[in-house]
1. With a 1.4 Å probe and every protein chain left in place, tell me how much accessible area ARG6 has, in Å² to the nearest 10.
2. Hey, what number do you get for the chain at 222 nm if only DSSP H runs of n ≥ 4 count, each worth -39500 (n - 2.57), divided across all residues, to the nearest 500?
3. Assuming R0 = 30 Å, can you tell me the calculated FRET efficiency for the pair LYS123 and ALA26, based on Cβ-Cβ distance, to the nearest 0.05?
4. So how much accessible area does ARG147 have, in Å² to the nearest 10, using a 1.4 Å probe?
5. Would you kindly find the accessible area of VAL41, with a 1.4 Å probe and non-protein molecules such as ligands, DNA and RNA excluded, rounding to the nearest 10 Å²?
6. Identify, among TYR75, PHE13, THR37, the residue whose Cα sits farthest towards the positive end of the charge dipole of the chain, taking +1 on the Cβ of Lys and Arg and -1 on the Cβ of Asp and Glu, with the dipole about the Cα centre.
7. Net charge around GLY120, counting only other residues with Cβ within less than 13 Å of its Cβ (Lys, Arg = +1; Asp, Glu = -1)?
8. Sort HIS69, HIS61 from largest to smallest accessible area, using a 1.4 Å probe on the heavy atoms of the protein chains.
Amino acid sequence: MGKWSRQELEDAFDNYQRVALRCGPAQKWDEFVDLFTEDCVYVDYPRGVIGGREALRRHYHGLFTTFPHTHLYYYPVEWYMVDEERGWISCLFYLRMADPGDGSIHQTPCFGLLKYAGQGLWKCEEDMYDVNALVKMFETWTEVKRRCDAASGKRG
């Protein structure tokens, strides 16, 4: 038996998803970052390792205020597994862009590993995705968005 119950792990993961869904579209990530311990480690395999909650906060405030990341804020989970012994959640979720204006979906898969610290907080997140697929998604989405905005008379 692990340190935490399966129910606690699932509840924390459900909350993680709810908070991300609330913070992303609002482009206000502090509540999400506050789901991590002060000494957390975030590993984004293409970008590297970020150590500590405040460094993670700076990362989110920097990255998600730049185009096209300002429109990358849906992270639907396709599947997840709970490792009760370790207190880990592994999952496949999607890095999904906002609707560019025509209802099309632009997303790429990401494998995530979350390590629980207790009391609703996470001590580690590791994300792995194909950076080339992410860049291609950004390019395709940007072109569709440009066409949709032009057709509706909006400017960039």
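The values are calculated or read from the model by the stated rules, or taken from the named source; none is laboratory data. Keep in mind the model is a prediction, meaning the values are calculated, not measured. Virtual Cβ from ideal backbone geometry, glycine too; neighbours counted across all protein chains shown. Note: areas computed on protein heavy atoms with side chains; ligands, DNA, RNA excluded. Shrake-Rupley method; radii C 1.70, N 1.55, O 1.52, S 1.80 Å.
1. Ignoring ligands and nucleic acids, ARG6 comes out at about 100 Å².
2. -12000 deg cm²/dmol
3. Given R0 = 30 Å and the Cβ-Cβ separation, E is 0.75.
4. 120
5. Accessible area, nearest 10 Å²: 50 Å².
6. Result: TYR75, furthest along the dipole toward the positive end.
7. Result for the neighbourhood of GLY120: -4.
8. Sorted by accessible area, descending: HIS61, HIS69.
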